[in-house]
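Asks: What follows is a single structure, and I will ask about it in a moment.
Laboratory data are not the source of any read-out in this text; all were calculated from the coordinates shown. Since we're looking at a predicted model, the values are computed, not measured. Cβ sites come from the backbone with ideal geometry, for glycine too, and all protein chains shown count toward neighbours.
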Amino acid sequence: MASPEALVSALADPGRLRLFARICTAPDGLPAAGEPAKLVRRLVAAGLVTFDGDRCRAVPEAFREALARPPADPVEALFRGGRLVTIPRPGELRQALFAKLAERFEPGRLYRERDVREILTAVHDDHAALRRHLVDDGFLERSNDGSSYGRPSETRPG
């Protein structure tokens, strides 16, 4: 069973997308002979197409199955294209998210506020909220004068 990302990736090529559309609209499937093997193989590998004898048939359930499958890592489900799309409510998932974000900071190294902003803005537009949560939850420490931040050397219990 492919991930949603794998399905989209397989259909990202215009040639594969056109071929998939032709396969979907052929009532009895599309004869495999004459179709570019490379395009067909990629659709088959993604689980979007199957062979039935000498014909290619669409597998529409691939989309439903891909969306029904829970993500392997619940923290990764909070991201789309490398960007954080939601900050969960307090609890285990939120703690796991902040622990993962804290990994972007080297333990024992001091970071200026500008450096912290750059690192967190790469993940989410509201870098100030992320920084505040990281400090409040003990994943980052702020100097007394507020000029620098650092990740504690000790790891937090998960």
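Asks: Going through region 1-34 one residue at a time, which ones are in a loop (DSSP other than H, G, I, E, B) and surrounded by 14 or more Cβ atoms within 10 Å (Cβ to Cβ)?
Replies: Hits for region 1-34 are Ala2, Ser3, Asp13, Ala26, Gly29, Ala32.
Asks: Regarding region 117-138, can at least one residue be identified that is assigned to a strand (DSSP E or B) and without any contact (Cβ under 8 Å) to a residue 40 or more places away in the chain?
Replies: No, the conditions are met nowhere in region 117-138.
Asks: Residue by residue through region 35-75, note down the ones that are surrounded by 18 or more Cβ atoms within 10 Å (Cβ to Cβ) and among the small types (Gly, Ala, Ser).
Replies: Ala46, Gly47, Ala58, Ala62, Ala66
Asks: So, one more: Can you tell me which residue within region 76-121, out of those that are loosely packed, with under 12 Cβ neighbours inside 10 Å and of a type in the set (Gly, Ala, Ser), is nearest to Arg151 (Cα to Cα)?
Replies: Gly108
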